[in-house]
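Peer 1: Structure incoming, see below.
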Amino acid sequence: MLTRMKHVLLMAGFLVLCGSAVFAHETVITILHVNDTHAHLDSFGPKNIHMEGELGGIARAATIINEVRATEPNVLLLHAGDISHGDLFFNKFLDIPELNLMRSLGFDAMTVGNHEFDLGPDPLTYCLSAALPNGEIPLLSANLDMSGYPALTNWVHPWIIKTVGGVKVGIFGMTVFDDPMNMPAPVVISPDIVPAAVKAIDDLHAQGAKVIICLSHLGIRYDRVLASAVSGIDFIVGGHDHELLSTPEAVTSPSGKRTLIVQAGDSYKYVGELRIAVRGDGSVNLKDWHTIPVTRKVPAVPEIQAVVDGLKAEIVAQYGRVYDRMIAMALAPLEKEFDSDSPLRDTPLGNLVTDAFRRLTGTQIAFTPLGLISEKIYQGPIVGADVFRAMSYGYDPAGSGYGFHLVSFTIQGMELVKALEITLAQVESNTDFFPQVSGMKFTYDLRNQPGGRVDLSSIRIGSGRLNPAAEYTVTANEAVAYLLGQLGVTITDVQPRAEFEYPVVHDFVKKLCVVMYRPEGRIRDVSVACGRNEKALAQMEEETPRQEVEGSAAKEYALLGGYPNPFNPSTTVRFALRATSKVSMKIYNSIGQEVTTLVDGREDAGLHEVRWDASSVASGVYFCRMTAADENGAGQFTATQKLLLVK
């Protein structure tokens, strides 16, 4: 009897130990993810001496992907949507090159972004059939109704299951539904995201999925709505906002469990790495999440960079030297977005773009919404591709319908006020319609209800107050003119123009040579405290350097310094001349001895550069001294810049 009892107890203990071991076992899955890459296949941003960008690039991102795969056994690679639009690679080749490169990198799935429908479903289907003839990368969206366009179902599915490390991972996609610019018809993007998500989750569970991932292109606002309304989502890997989250955002679902939201910036500037643990008891937990910067410190995969360079060569053959020929120098970043902590709501890039429009046409006002400016221009040398990325809606010489021409029109004072109120109506949640202006100023109060936010007494057209009954001339792009009409704003005397936005802004920047734009107070939100009194704010506005629309070339002399600096063994010194001048530029060492002469002679007005090869001198501090005398006798300019040679 005792022997039998001991045997039973031993067996029970063995089963408990086995069960504990099963529950203790966990499978770690690594999810690499990117979003909103927007055809940014090559590096961009601040440049090295070879005019190569220091941020992003799919060939650098590939290095990170390969390194993680070499060290982690269970890896998924996901894209949260929007490969379309944003770079010359798209305008020249559409989505085909990026899809080809994504296929070569082994992406497991991609969500359909809103920009995938910018040209309608036909071009999207064409690109998918050319790059993914056998559906090598599943595209996902659970809230698309493709019954009116069934050809797309060959590539787009509500969900997929991937088995990783023996674990079934269910992934479903979601597409943002309220973008007024895209053209999905006859495909319908349903706003009923909650029931669509519930059905996808039920289907995935029925197929045995143990982990549920929403690969979302809804934007973080709708991601939060989805996570709070739907149970069963473990992680939302997001896109659409171009948000770079520092930590996962936790949202409690109706079941009481947490759903974690992650997003990794845009344009291959970061690769997100999400590591999750799936235990034997079925629980799914976060191990860690972070983003990996894709910078010049990351080497490019040579084979992929060779493909990108080949594509660039074709772009240069059609569009000119847009990558290596400097057209201007930005003395500070030309930001697209405004600082939410400041009452000044005009942005450096918004001011520049609208000044460029008005410079061309001579109208009293120029206008563009922030949503039609794609991205910032970085401090330092500016090339054509930088301007294009900022104005990527604004060029279409091939006639595909993707680029916007400029138009001029007339608008009555009160209709102008109506237009401003419409653009400010949803600014709390969406700044795509937020206005940027030239030739006018106004203030508004976000604390007021929509329709009553603009202070009528604050509106200035030129130097005069708004006359509600007067008519004013305006320059904008054709999309703005169309939308104003659709929104009930009356405009008259609409004059289409032949110019696209991009060439207009490109030529304006080139004429400026040295670009220095800051917020000026053209638009102010009086609900935002500025941390200083009104007198100080007015003084700040007066002291802000401006480049007015009347400028045509380099307005001042400037020694822009060496780039790069520190350097080894050479640097390029750039300088600007407002008029044809006699120029002398010499290099001196730290004890005042002349080392070499870089320039000695007559130079034309504009932006110039000269290279100093310091291979024959020792490391140390050197000084570049420039003098320039205007041939017309208007004065002399002298400046000195420090250069640091590090060998």
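The values are calculated or read from the model by the stated rules, or taken from the named source; none is laboratory data. Predicted model only: the values in this text are computed from it and were never measured. Here the Cβ positions follow ideal geometry from the backbone for every residue, glycine too, while neighbour counts run over all protein chains shown. Ligands, DNA and RNA are excluded from the accessible area calculation, which covers all protein heavy atoms including side chains. Shrake-Rupley method; radii C 1.70, N 1.55, O 1.52, S 1.80 Å.
Peer 1: Apply 1/(1 + (r/R0)^6) to the Cβ-Cβ distance of ILE591 and THR71, taking R0 = 45 Å, and write down the FRET efficiency to the nearest 0.05.
Peer 2: FRET efficiency, ILE591 to THR71: 0.30.
Peer 1: Could you state the per residue volume, in Å³, of the convex hull enclosing the Cα atoms of region 300-404?
Peer 2: It comes to 153 Å³ per residue, whole-number rounded.
Peer 1: Quote the Stokes-Einstein diffusion coefficient, in whole µm² s⁻¹, for region 198-300, based on the Kirkwood radius over alpha carbon pairs, a temperature of 20 °C and a viscosity of 1.002 mPa s.
Peer 2: Translational D for this selection: 147 µm²/s.
Peer 1: Greater than 23 Å separation of Cα atoms is the criterion. Which listed pairs, LYS92/LYS162; LYS297/LYS642; LYS376/LYS418; LYS199/LYS257; LYS47/LYS336, meet it?
Peer 2: LYS92/LYS162; LYS297/LYS642; LYS376/LYS418
Peer 1: Sort HIS38, HIS240, HIS50 by accessible area with a 1.4 Å probe, largest first.
Peer 2: If we order HIS38, HIS240, HIS50 from most to least accessible, we get HIS50, HIS240, HIS38.
Peer 1: What are the ³J(HN,Hα) values, in whole Hz, obtained from phi via the Karplus relation 6.51 cos²θ - 1.76 cosθ + 1.60 with θ = phi - 60°, for each residue of region 463-480 in sequence order, with x given for Gly and Pro?
Peer 2: 9, x, 5, 5, 9, x, 9, 7, 10, 10, 8, 9, 10, 8, 8, 5, 5, 5
Peer 1: Another one. Using modelled amide H (1.01 Å from N, peptide plane; none on Pro or chain starts), what sits under 5 Å from the amide H of LEU140, excluding residues fewer than 5 places away?
Peer 2: MET110, THR111, VAL112, HIS157
Peer 1: Can you pull the one-decimal nm distance between simple spin-label points at ALA306 and GLU136, each 7 Å off the Cα toward Cβ?
Peer 2: Distance between label points: 1.7 nm.
Peer 1: Just grab the label-to-label distance for LEU286 and GLN495, each label 7 Å out from Cα along the Cβ direction, in nm (one decimal).
Peer 2: Distance between the two pseudo-spin positions: 5.6 nm.
Peer 1: Accessible area per residue, 1.4 Å probe, Å², for the chain: what's the number?
Peer 2: 42 Å²
Peer 1: Counting only protein heavy atoms, what percent of the accessible surface of the chain is carbon or sulfur at a 1.4 Å probe?
Peer 2: In the chain, the share of accessible area belonging to carbon and sulfur is 52 percent.
Peer 1: Provide the FRET efficiency to the nearest 0.05 for the LEU244-ASN632 pair, computing r from the beta carbons and using R0 = 35 Å.
Peer 2: For R0 = 35 Å, the calculated efficiency reads 0.10.
Peer 1: Rounded to the nearest 10 degrees, what's the angle between the helix 534-543 long axis and the longest principal axis of the chain, both from Cα atoms, 0 to 90?
Peer 2: Taking the Cα atoms of the chain, the angle to 534-543 is about 70 degrees.
Peer 1: For helix 413-424, what angle does its Cα long axis make with the longest principal axis of the chain, in degrees from 0 to 90 and rounded to 10?
Peer 2: Taking Cα atoms only, the helix is inclined about 40 degrees.
Peer 1: Let me ask something else about it. Given Cα pairs under 8 Å that are at least 6 residues apart, what percent is the relative contact order of the chain?
Peer 2: Relative CO of the chain lands at 11 percent.
Peer 1: List, in order, the whole-Hz ³J(HN,Hα) value for each residue of region 585-591 obtained from phi through the Karplus relation with A = 6.51, B = -1.76, C = 1.60 and θ = phi - 60°; use x for Gly and Pro.
Peer 2: Result, rounded to whole Hz: 9, 10, 10, 10, 7, 6, 10.
Peer 1: Would you kindly state how much longer the chain becomes between THR252 and SER104 on full extension, computed as 0.36 nm times their sequence separation minus their alpha carbon distance, in nm to one decimal?
Peer 2: Taking 0.36 nm per residue and subtracting the Cα distance, the gain is 49.5 nm.
Peer 1: For SER615 and GLU52, what is the calculated FRET efficiency with R₀ set at 25 Å and r taken between the beta-carbons, to the nearest 0.05?
Peer 2: Step by step, r from the Cβ atoms, then E = 0.75.
Peer 1: What does the accessible area of ARG296 come to, in Å² to the nearest 10, when a probe of 1.4 Å is used?
Peer 2: 150 Å²
Peer 1: Could you give the nm distance between label points at ASP432 and LYS511, where each point is 7 Å from its Cα heading toward the beta carbon?
Peer 2: 3.2 nm
Peer 1: To the nearest 10 square angstrom, how much accessible area does ASP341 have with a 1.4 angstrom probe?
Peer 2: In the full protein context, ASP341 sits at about 120 Å².
Peer 1: Taking Cα extents along the principal axes in Å straight from the coordinates, which label in (i) 79, 69, 48; (ii) 118, 71, 53; (iii) 139, 59, 46 is the correct one?
Peer 2: Read-out from the structure maps to (ii).
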